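The values are calculated or read from the model by the stated rules, or taken from the named source; none is laboratory data. Owing to the predicted nature of the structure, the values given are computational and were not obtained by experimental measurement. Every residue, glycine as well, gets a Cβ built from its backbone with ideal geometry; the counts of neighbours run over all protein chains shown.
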């Protein structure tokens with residue numbers, strides 16, 4: 001195991017996936033995971049910039065690689081917890097190595113900012129890979145003080161961690177078992193989730209919602225059929241889509257699923273005996289508190305302000321009329 | 001436009017070299033030329049049902065020089081970058097990256113505007129990129145408000161509780177975060193655009 005790692009948090013960790021960041025910070029100390037943030041990193045462009053213009057998209061990623069390489073001191077491993085960030089960093093490094101033309105273009109652009117990146121000089125890895133392969137499950141097990149016994153978890157990786165897998169790091173592209181093994185090490189009951197690497201809809205929640213709702217429906221209905229209490233993910237985008245758009249998906253299909261989804265690091269923190277408030281619990285929109293309390297007896301922090309209650313819809317379809325005052329004559333029920 | 005008009009077989013017709021053009025514009029080695037039309041891609045594609053053409057058909061259209069029809073297809077815009085087709089392709093074609101290439105070519109040729117869905121998709125990408133170029137980080141609140149007001153005003157009432165939840169749970173900031181050396185990033189991106197324009 002490296003004595004420290006270069007750390008690329010990515011934009012989501014500062015906002016929508018704050019729970020991922022908080023829980024990672026809480027477990028990194030007991031795991032001895034020393035993360036050194038890349039100074040002044042920028043957005044990786046997600047899946048958006050690549051579809052606009054090639055050289056700028058790769059130059060945007062290239063700046064991060066160049067900054068990381070410049071900061072590398074005794075390590076060349078960059079850890080990214082976000083799937084899209086992980087893939088983009090790995091993709092740029094991989095294609096720059098494969099294509100000297102691309103490498104040249106990116107470096108001409110980087111030179112305008114006084115930077116340079118030699119492809120192949122860094123190793124880009126996902127957080128789960130580092131925990132499984134560098135720290136190891138024995139070390140993880142040793143830190144479990146509150147086993148997640150009886151909690152039925154659907155392990156959910158989404159797409160961009162196991163695929164395209166340029167460096168052949170994962171056990172399988174479609175049914176990898178790394179997350180299953182980790183969750184089992186925490187004492188959880190792990191379902192053999194057939195859709196574990198299926199798509200959450202990605203950015204289609206923003207641009208083609210009906211396409212996305214169908215993909216979300218497949219995932220939550222499968223997890224529900226397998227009687228999972230919750231899903232555990234490694235990806236901010238997956239968490240956002242399944243958590244924040246579950247309500248809209250339910251409305252679209254006239255369903256009533258309640259399938260919470262949390263980050264695997266939050267469950268690690270719980271198993272390590274950490275306080276749920278420290279792990280970002282309560283930030284999810286599809287609440288997980290009840291099931292955690294029921295299964296493993298964990299008291300969740302008081303929920304942060306929830307959505308205001310909606311006005312109950314009126315049952316009768318007549319035009320709205322002022323209601324007669326209570327007790328006044330004429331308040332008899334009219335059919 | 002006749003979507004499937006037969007392109008001229010005159011050897012000077014540049015569209016007959018469209019395949020080479022797409023391949024050359026793709027990052028790394030696309031291997032698009034190696035497609036054997038087996039259809040594994042379309043069969044593996046989660047949102048294929050919403051596409052104008054399956055990836056296989058689109059690649060055959062590219063090979064046939066049907067530039068305009070290929071660039072007007074909604075297929076690259078529906079692609080969710082799940083990479084199922086990429087890992088299953090027996091010829092190792094970098095399908096997802098070819099989709100990115102087709103999107104950027106459609107934008108450059110102005111051929112994404114005649115369908116609401118592709119226009120929305122391209123506009124979302126551009127808005128996202130605008131924020132990143134300005135601040136160096138993504139800015140979800142700015143992106144969401146600008147995008148939804150413009151493209152999905154009717155979704156807003158149903159989404160209000162979600163938006164409120166994201167804000168009150170501090171999962172979305174009202175103000176953007178700017179990187180320190182934004183001038184450096186802007187200089188890099190400006191040079192990158194020059195490089196791209198010269199290509």
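Worth pointing out:
- Residue A:140 vs. criteria touching a residue at least 60 places away in the same chain (Cβ under 8 Å) and part of a helix (DSSP H, G or I): yes
- Residue within segment B:176-187 that is touching a residue at least 40 places away in the same chain (Cβ under 8 Å), part of a helix (DSSP H, G or I), more than 7 Å from chain A (Cβ to nearest Cβ) and farther than 30 Å from residue B:68 by Cα present: yes
- Scanning segment A:153-171 for residues that are within 13 Å of another protein chain (Cβ to nearest Cβ) and closer than 30 Å to residue A:258 by Cα yields A:157, A:158, A:159, A:160, A:161, A:162, A:163.
- Scan of segment A:238-278 for residues that are in contact (Cβ under 8 Å) with a residue 12 or more places away in the chain, in a helix (DSSP H, G or I) and farther than 23 Å from residue A:188 by Cβ, ordered by number: A:244, A:247, A:248, A:249, A:252, A:253
- Where helices (runs of 4 or more DSSP H) sit wholly within segment A:1-107, those with at least 3 residues that are more than 20 Å from the chain's Cα centre (by Cα), more than 11 Å from chain B (Cβ to nearest Cβ) and surrounded by 18 or more Cβ atoms within 10 Å (Cβ to Cβ) occupy A:54-71.
- Residue in segment A:246-255 that is assigned by TED's automatic domain parsing to the domain that holds residue A:143 and in contact with a strand residue (DSSP E or B) (Cβ under 9 Å, 6 or more places away or on another chain) present: yes
- Taken as a whole, the condition of being within 13 Å of chain B (Cβ to nearest Cβ), over 24 Å from residue A:293 (Cα atoms) and either in contact with a helix residue (DSSP H, G or I) (Cβ under 8 Å, 6 or more places away or on another chain) or modelled with pLDDT of 95 or more (or both) does not apply to residue A:247.
- Residue A:15 out of contact with any strand residue (DSSP E or B) (no Cβ under 7 Å at 6 or more places or on another chain), free of Cβ contacts under 8 Å to residues at least 24 places away in the same chain and in the same structural domain as residue A:113 (by TED's automatic domain parsing): yes
- Qualifying residue in segment B:139-149 (condition: in a loop (DSSP other than H, G, I, E, B), surrounded by 17 or more Cβ atoms within 10 Å (Cβ to Cβ) and outside the structural domain of residue B:38 (by TED's automatic domain parsing)): yes
- Restricting attention to segment A:283-304, the residues being under 22 Å from the mean Cα position of the chain (by Cα) and at pLDDT below 90 number 4.
- Residues satisfying the stated conditions in segment B:103-141, i.e. more than 30 Å from residue A:14 (Cβ to Cβ), within 7 Å of chain A (Cβ to nearest Cβ) and without any contact (Cβ under 8 Å) to a residue 24 or more places away in the chain: none
- Residue in segment B:168-175 that is over 24 Å from residue B:77 (Cβ atoms), more than 7 Å from chain A (Cβ to nearest Cβ) and not in a helix (DSSP H, G or I) present: yes
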